């Protein structure tokens with residue numbers, strides 16, 4: 001999808017892949033080659049070339065947890081990494097610059113990627129700081145973030161630039177501070193609540209009463225798609 005900006009371009013890209021099918025086949029073989037050691041291991045251990053090693057774990061694609069994955073105190077991506085809001089805001093600004101050739105690709109990738117990640121049975125993705133499953137997307141999301149920052153800093157309004165720079169600095173400080181809190185167990189790896197978050201917000205280490213405010217997730221219910 002990179003470089004595709006219209007349906008005509010999409011058609012041309014599809015025809016390109018059809019014309020260059022030998023190269024596509026080589027690409028697919030290279031992709032499979034990387035997996036050969038895994039296939040051998042599975043066959044030696046289970047007698048099967050293809051083996052699903054996650055047991056009962058799986059996806060619930062009809063029930064993706066978008067709101068919780070983005071905004072919950074347990075693991076909300078934008079709660080613990082609010083600077084990434086700039087990437088989402090920056091998507092339409094890509095059209096203003098040369099990055100517009102990647103706009104459709106990044107929008108489609110971001111939506112599909114979120115849908116898959118937020119549909120996993122354990123939508124909070126186990127024990128971690130913030131929504132760790134979104135980290136792999138940052139290389140792509142850095143582009144719209146850059147487009148938005150470029151838009152701001154090209155403005156002649158100095159006050160706007162100063163305010164945005166202060167906001168950016170605050171967001172970076174917030175992320176570092178939250179990470180330090182996590183190291184000191186002031187942010188729990190999977191049981192955070194709104195009450196615990198704000199009760200201990202300015203503290204690096206847990207205050208008395210903090211642990212009683214936590215709410216452990218029900219992994220068994222989540223495994224069967226019943227966790228709400």
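Some points to look at:
- Residues in the stretch 1-18 that are outside any loop (DSSP other than H, G, I, E, B) and loosely packed, with under 10 Cβ neighbours inside 10 Å: 7, 8, 18.
- When the stretch 108-147 is filtered for residues that are under 26 Å from residue 56 (Cβ atoms), in contact (Cβ under 8 Å) with a residue 60 or more places away in the chain and outside any helix (DSSP H, G or I), the ones remaining, listed by number, are 120, 121, 122, 123, 124, 126, 127, 128, 131.
- Restricting attention to the stretch 148-171, the residues that are within 19 Å of the chain's Cα centre (by Cα) and either over 29 Å from residue 197 (Cβ atoms) or without any contact (Cβ under 8 Å) to a residue 60 or more places away in the chain (or both) add up to 0.
- Any hit, the stretch 90-101, residues being buried (at least 18 other Cβ atoms within 10 Å of the Cβ), at pLDDT below 95 and not in a helix (DSSP H, G or I): yes
- Filter result for residue 25 (assigned to a helix (DSSP H, G or I) and either surrounded by 11 or more Cβ atoms within 10 Å (Cβ to Cβ) or at negative phi (or both)): yes
- The one condition in (1) surrounded by fewer than 13 Cβ atoms within 10 Å (Cβ to Cβ); (2) modelled with pLDDT under 95; (3) under 22 Å from residue 68 (Cα atoms) that residue 198 fails to fulfil: (2)
- With respect to the stated conditions, residue 225 is outside any helix (DSSP H, G or I), in contact (Cβ under 8 Å) with a residue 24 or more places away in the chain and loosely packed, with under 15 Cβ neighbours inside 10 Å.
- Residue within the stretch 54-64 that is surrounded by 13 or more Cβ atoms within 10 Å (Cβ to Cβ) and without any contact (Cβ under 8 Å) to a residue 24 or more places away in the chain present: no
- Residue 191 meets the conditions (1) surrounded by 13 or more Cβ atoms within 10 Å (Cβ to Cβ); (2) over 21 Å from the mean Cα position of the chain (by Cα) in every case but one. The failed one is (2).
- Screening 177, 201 for residues that are in a helix (DSSP H, G or I) and closer than 22 Å to residue 77 by Cα leaves exactly one candidate, 177.
- Any hit, the stretch 209-216, residues being assigned to a loop (DSSP other than H, G, I, E, B), out of contact with any helix residue (DSSP H, G or I) (no Cβ under 9 Å at 6 or more places or on another chain) and under 30 Å from residue 59 (Cα atoms): yes
The values are calculated or read from the model by the stated rules, or taken from the named source; none is laboratory data. Here the structure is a predicted model, which means the values were calculated and not measured. Positions of Cβ are backbone-derived with ideal geometry, glycine not excepted, and every protein chain shown enters the neighbour counts.
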